[in-house]
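Heads up, the thing below is written out as structure tokens.
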Amino acid sequence: MTAETPDVAPLDRFECRACGYIYEPAKGDENRSIPPGTAFADLPLNWRCPVCSAPKKQFSNIGPVGSPSGFKENLNYGFGVNRLTPGQKNILIFGGLALAVLFLLSFYNVR
Ligand SMILES: [Zn+2]
């Protein structure tokens, strides 16, 4: 009955969209006396990115350690590909093919 029951800790990591710094709750932020285990939501409101000083609202939830990288973020952001129209996707695809062909042609020309 004395077995440790860890508190339900939201261990979601948050990534700074400005510089890519990732806040990991398991590590905390020793530079600002944030003890390990501090959830991002529990950080002081005036906490800022230790790298670029971006405010908390510049961070996006990228899920806990071990989850597919950027899974939650991809639902909203991704690389923008999911929001392209089919026509725009075709331009990307054929543009890529054209570049590949040009690359191959130049490769053979060099030889
Ligand atoms: Zn930052």
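The values are calculated or read from the model by the stated rules, or taken from the named source; none is laboratory data. In this text the structure is predicted, and so the values were computed from the model without any measurement. Note that we place each Cβ from the backbone using ideal geometry, even for glycine, and neighbour counts take in every protein chain shown.
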Exactly one of Gly95, Gly87, Gly63 is at pLDDT below 95 and surrounded by 15 or more Cβ atoms within 10 Å (Cβ to Cβ), and that residue is Gly63
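What is the residue count in segment 45-66 for residues that are of a type outside the set (Phe, Trp, Tyr) and more than 10 Å from the ligand (Cβ to nearest atom)?
Taking segment 45-66 and keeping what is of a type outside the set (Phe, Trp, Tyr), we get 45-46, 48-58, 60-66.
Those left that are additionally more than 10 Å from the ligand (Cβ to nearest atom): 45-46, 56-57, 60-66.
Residues in segment 45-66 being of a type outside the set (Phe, Trp, Tyr) and more than 10 Å from the ligand (Cβ to nearest atom): 11 in total.
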When you look at Val81, is it modelled with pLDDT under 70 and over 30 Å from Ile22 (Cβ atoms), yes or no? no
Of those in segment 39-67 that are assigned to a loop (DSSP other than H, G, I, E, B) and β-branched (Val, Ile, Thr), the residue farthest from Pro25 (Cα to Cα) is Val51
